Amino acid sequence: MYNEQLEKLIEMALMDGELTEKEKQILFKKAESFGVDLDEFEMVLEAKLYEKQQSMQQSTQATAAPKSDKFGDVKKCPACGAIVQSFQTKCADCGHEFSNIEANASIDKLFKMLNDAEDMRKEDLDTSNPLKAMGSFYAKSFSGMTGPGKIDKKKMEIISNFPIPTTKNDILEFLSLAIPKAKQIGNFLTKNNLENKAHNEFAQVWKTKCEQIIMKAKFSMREDKKALEEILQYANEIGIK
């Protein structure tokens, strides 16, 4: 907007994102020699300085941002540099497996959360409840007769909301532990006894979570035939096609 020479001086002065008093005096002197209104020039100069500082700050943040190891953020294979689609567990170009990528959460964390919820069962019982003195096992059995109680509903919610694993090892580990829990147990006569009914109420929740994981695995492991075969075997065990 100003004389080309003045614009060049402004650019040079703001190159480092700072404006010293000496630089400011030189710029004002040069602007005055070109007949520029100094009040207007000061406003423009401050605006240009602000823009430069913002630009430098954004550039610094982008450079300093730590490289994410989460699987959903993977853009290139660390072994060959090939572009990798989100949630792939193996590079289609070189076969490199992303075994060191951190999953959303570990299966150990899930079971710890479930155990913590179970430990709350005693604390959650009303002091007037005669079953309190009998311990959590009988309280759990009682809830099996009346339907899922507060603690069981909390555990079901934990399972339902648990993040789907994203690496091959985590997916296979989860399924190996979850598939037995996703199977209905008992026959027509025994499926509604206290123990079987308590298991079967959770079975559908586990099965739904396994279905979600298997669906993702079919996509992410489509290049890993051996792993995909294992996934399909798990799927067959609980009747998922």
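The values are calculated or read from the model by the stated rules, or taken from the named source; none is laboratory data. Here the structure is a predicted model, which is why all the values come from computation and not from measurement. With ideal geometry, Cβ positions are generated from the backbone for all residues, glycine too; neighbour counts draw on all protein chains shown. Areas reflect the complete protein model, heavy atoms only, side chains present, ligands, DNA and RNA absent. Shrake-Rupley method; radii C 1.70, N 1.55, O 1.52, S 1.80 Å.
Quick check: net charge around PRO180, other residues with Cβ under 15 Å of its Cβ, Lys/Arg +1 and Asp/Glu -1? All intermediate terms of the calculation are to be shown ahead of the outcome.
On the way: positive: LYS181, LYS183, LYS207, LYS209; negative: GLU173, GLU195, GLU237.
Cβ neighbours under 15 Å give a net charge of +1.
Taking the alpha-carbon centroid of each part, what is the distance from region 201-241 to region 1-56 in angstrom?
With region 201-241 and region 1-56 each reduced to a Cα centre, they are spaced 64 Å.
What distance in nm separates the two pseudo spin-label positions at PHE219 and ASP93, each 7 Å out from Cα along the beta-carbon direction?
Distance between label points: 2.2 nm.
Express the accessible area of region 158-207 per residue in Å², computed with a 1.4 Å probe while the remaining protein chains stay in the model. Present the calculation step by step, with values, prior to reporting the outcome.
Values: 2550 Å² over 50 residues.
Value for region 158-207: 51 Å² per residue.
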